[in-house]
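> Structure incoming, see below.
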Amino acid sequence: MADFGGTDLDAFRKEVRDWVEANFPASLKGKPNPMAREERGNDPTPEQEAWRKAVGSKGWGTPTWPKEYGGGGLSGAEARIVQGEFARAGAYNPIGGMGVMMFGPTLLEYGTEAQKQEHIPPICRGDLQWCQGFSEPNAGSDLASLQTKAEDKGDHFIINGSKVWTSGGQFADWMFCLVRTDPAKKHEGISFVLFSMHQPGVEVRPIPLINGMAPFCETFFTDARAEKKDLVGPLNGGWTIAKRLLQHERSGISGMGGGMGGSSLSDLAKKYVGVDEEGRIADHDLRNRVVRNAMETKVFQQTAFRVMAESKGNSGPSAATSIMKNAGTWIAQERHELTLEIMGHQGLGWEGDDFAKDELEIVRAWLYGKAFTIFGGSQEVQSNIVSKRILGLPDLTQAQ
Amino acid sequence: MAVLTEEQSMLRDSAKSWVQEKSPVGAFRKMRDSGAELGYDVAAWNEMAEMGWAGVIIPEEFGGSNFGYLSLGLVLEELGRTLTASPLIASGLGAASALILGGSDAQKSEWLPKLADGSAVGALAVDEGPHHRPEKVAATVSGGKLTGKKTFVLEGMAADVFVVSATEGGKVELYLVKADDAGVKRSKLSLADSRGAANVEFSGAAAEKLNGGAALLEKVLDRVRAGLAAEMLGAANQAFEVTLEYLKTRVQFGQVIGSFQALQHRAAKMFTELELSRSAVEAALAAIDADSPDVPELVSLAKAKMGDTFHLVSNEMVQMHGGIGMTDAHDAGFYLKRARAAEAAFGNQAFHRDRYARIQGY
């Protein structure tokens, strides 16, 4: 419905509202996106499938992506209307995952016309799930030292090696992967390739984490095959694309610092710890730390808003995203720590009826939250990036 | 940096070039070494007033330019960079706000034009002890005469008129008291940051009430706090940039010390905190211009966050400069001293965190 061109937003809003009413299954109202829970391995229900197909066919799950590749082709203002109308109806966006967050925007920027025609539409429809093959057992923060090897076989590559921390690898259909195509060079010997996960040379093993879940996998390649047509960018030119993609990933992770406001922490504290005669949280040491976290959260949101206002006209995430990742993840981790402390022993329950659902969730969230400052570029790598790229200090590490 | 109008950009650029040409940190050092009674250079203040900076928030009908608080914040930020001492916060921001928000037409006509052209200096006399506790007021007014002691009065020695908090019949009010009243005695306070401050004693001094009571006091204080935070933002950024430059030039162990990761990550942390602080300061000033109901919350956020950041950066400035940073010949000490004085003024971080929590209901 790009024809509206932003000239008649009220009419567009009505159209979206009517469409959501006609298509969103009432039974899903207020439910989370099932993809966010995919690690539990539940198959989608017929209602969930119907909603995914409906949104996918409109392209409204990826509202601002070009229409010719299956996106919504909407302006920013129209996209916000779609988002607002979904929220109003209690409807989740069923189109998501790494294809939407990271791979799609990167392929739209660097892919050939044929690659975009082949790979973007299934992402917009939610038909195919993507996973990321970047980190390796010996290439974490120093990602460019990766060793997974791709041999040129004319019309295809043969891939051997392994990847680790593959998010959702056990559910993914395709992988975007960094491979070594020139062992003599470091950054300039890396290529960016795409291949199907459904082939004999690919083996996936989930990794149980400290929070009891297994959202990440180890992935092993034994003579796995990638077609030449699925090489993105030039041979040995994958590092530039990877850096761009990581910016998309980091802007996604830093968003975790926003979301929940500090007020809910203070409400929790009032409930679990009580209040003094002036209505303050009774534990004044805790109150001080709760208000600090609330204020940091607010300043972070103000900064996200400021960065957005200043970068209007820019096409993608700016260098400021590097600051945002560290700031946002510190705030989020501290919020988890405070929640746990506020709940006391009740915040340490692992399972069973002695604990409320919120209480069981916080202990898992607290543990999982430790990953925020590790994945997507650890806080130390982020600090290297700020030092080098923004402050112009000497670079001794070749940080990404 | 907030998205500015063309007029705001011009104002900021003219402040930037004046500060760099006419008022480098060396000018502040000269003022300190001269033991200036008022705590600022009168000739420099006159130049600032001629450029219209004393009247940025004052309505045009009273001789100002009515550019608003975000605009004044831009000037204060530039002045803060080189620690330029002047009565701009006390007079062009504090006293001017009190008159704009609470003055009668006669009071405005009497004082605002003089504050706008710098021919008179106003000062806020609200504190009575070592900590900022504006709600606890011992000074009283009876029969139009004000009696009480005020301390840490910013630009108290220079002031021609004081805006004084006092109670009348148990209610907090703000009053105008002329400095040349026989019932006013003042004495210079010599503080670590070398800026102008005084103890002021009122003994039955003639007092004219402003309209607005405790709510006016809070509004005026929030405007001063936001402006002070803008000055702190400029000072902290300059302290950081000077330190960063030192990291890039000081050589030890055969390499510039800025190549050491232990220092790089501390520099990255400071940069992050400065960026976050800028957002808070600009949001507070913009909220004042928009007359938003969130002003108290946003101002406390800005003053507390900016205080923490200036505290951090001023300490690191000395530490990263090492021995040279400990010497009086280096500027680092000026930033350290100004940081603590600015943190304490109009509520330190603890004051504003407590206020923020109370506003949020916990």
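Residue-wise test of (1) closer than 26 Å to B:ARG340 by Cβ; (2) in a helix (DSSP H, G or I); (3) open to solvent by 10 Å² or more (accessible area, probe 1.4 Å).
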residue: B:SER91; (1), (2), (3): yes, yes, no
residue: B:LEU112; (1), (2), (3): no, yes, no
residue: B:GLY148; (1), (2), (3): no, no, yes
residue: B:VAL164; (1), (2), (3): yes, no, no
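> In the list A:SER264, A:SER196, which residue meets the criterion of being surrounded by 14 or more Cβ atoms within 10 Å (Cβ to Cβ), among the small types (Gly, Ala, Ser) and either modelled with pLDDT of 95 or more or more than 23 Å from A:LEU143 (Cβ to Cβ) (or both)? Talk me through it step by step, then tell me what you get.
Numbers: A:SER264 fails: surrounded by 14 or more Cβ atoms within 10 Å (Cβ to Cβ).
Within the list A:SER264, A:SER196, the selection yields A:SER196.
> Taking the stretch B:314-362 only, how many residues are within 14 Å of chain A (Cβ to nearest Cβ) and among the acidic types (Asp, Glu)?
Of the residues in the stretch B:314-362, 2 are within 14 Å of chain A (Cβ to nearest Cβ) and among the acidic types (Asp, Glu).
> Within the stretch A:136-149, how many residues are open to solvent by 30 Å² or more (accessible area, probe 1.4 Å) and closer than 13 Å to A:VAL164 by Cα?
Total meeting the criteria: 5.
> Specify which of the listed residues (A:ALA114, A:ALA79) is open to solvent by less than 30 Å² (accessible area, probe 1.4 Å) and outside any loop (DSSP other than H, G, I, E, B). Walk me through it before giving the result.
Numbers: A:ALA114 fails: open to solvent by less than 30 Å² (accessible area, probe 1.4 Å).
The match here is A:ALA79.
> Here is a list: A:GLY376, A:GLY347, A:GLY328, A:GLY352. Which entry is in a helix (DSSP H, G or I) and away from chain B (no Cβ under 14 Å)?
A:GLY347
> When both residues are 6+ apart or on different chains and their Cβ atoms are under 7 Å apart, which pairs have a first residue that lies in the stretch B:340-362 and is assigned to a loop (DSSP other than H, G, I, E, B), and a second that is among the hydroxyl-bearing types (Ser, Thr, Tyr) and open to solvent by 20 Å² or more (accessible area, probe 1.4 Å)?
Taking only residues 6 or more apart or on different chains, the pairs are B:GLN360/A:SER263.
> Here are B:GLY102, B:GLY144, B:GLY129: which of them is in contact with a Lys or Arg (Cβ under 9 Å, 6 or more places away or on another chain), open to solvent by less than 10 Å² (accessible area, probe 1.4 Å) and of a type outside the set (Lys, Arg)? Even if it seems obvious, please write down each step before you answer.
Numbers: B:GLY144 fails: open to solvent by less than 10 Å² (accessible area, probe 1.4 Å); B:GLY129 fails: open to solvent by less than 10 Å² (accessible area, probe 1.4 Å).
Residue meeting the stated conditions: B:GLY102.
> Let me confirm something: among B:SER23, B:SER14, B:SER71, which residue is open to solvent by 40 Å² or more (accessible area, probe 1.4 Å) and either hydroxyl-bearing (Ser, Thr, Tyr) or assigned by TED's automatic domain parsing to the domain that holds B:ALA230 (or both)?
B:SER14
> Give me the pairs, please: first residue somewhere in the stretch A:153-165 and free of Cβ contacts under 8 Å to residues at least 60 places away in the same chain, second residue anywhere and small (Gly, Ala, Ser), beta-carbon distance under 6 Å, and either six or more positions apart or on two chains.
As it stands, the answer is A:LYS163/A:GLY133; A:VAL164/A:SER135, since those pairs meet every condition given.
> Scan the stretch B:263-286 residue by residue and report those that are facing chain A (nearest Cβ under 7 Å) and either over 23 Å from the mean Cα position of the chain (by Cα) or among the aliphatic types (A, V, I, L, M) (or both).
Answer for the stretch B:263-286, where residues must be facing chain A (nearest Cβ under 7 Å) and either over 23 Å from the mean Cα position of the chain (by Cα) or among the aliphatic types (A, V, I, L, M) (or both): B:GLN264, B:HIS265, B:ALA267, B:ALA268, B:THR272, B:LEU276, B:ALA280, B:ALA283.
> Please verify whether B:PHE351 is under 26 Å from B:ALA27 (Cβ atoms) and open to solvent by less than 40 Å² (accessible area, probe 1.4 Å), treating the condition exactly as stated. Quick ask: steps written out before the conclusion?
Numbers: under 26 Å from B:ALA27 (Cβ atoms): no; open to solvent by less than 40 Å² (accessible area, probe 1.4 Å): yes.
No: the conditions fail for B:PHE351.
The rows are residues; the columns are (1) touching a residue at least 60 places away in the same chain (Cβ under 8 Å); (2) within 24 Å of A:MET295 (Cα to Cα); (3) assigned by TED's automatic domain parsing to the domain that holds A:ALA269.
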| residue | (1), (2), (3) |
| --- | --- |
| A:SER322 | yes, yes, yes |
| A:ALA327 | yes, yes, yes |
| A:ILE331 | yes, yes, yes |
| A:GLU334 | no, yes, yes |
| A:VAL381 | yes, no, yes |
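> Further, regarding this structure: Could you count how many residues in the stretch B:245-291 are open to solvent by less than 50 Å² (accessible area, probe 1.4 Å), assigned to a helix (DSSP H, G or I), closer than 19 Å to A:ASP395 by Cβ and aliphatic (A, V, I, L, M)?
So the count comes out to 6.
The values are calculated or read from the model by the stated rules, or taken from the named source; none is laboratory data. This one's a predicted model, so the numbers in the text were calculated from it and none came from an experiment. Note that each Cβ is placed from the backbone with ideal geometry, even for glycine, and that neighbours are counted across all protein chains shown. Calculation scope for accessible area: heavy atoms of the full protein, side chains included, ligands and nucleic acids excluded. Shrake-Rupley method; radii C 1.70, N 1.55, O 1.52, S 1.80 Å.
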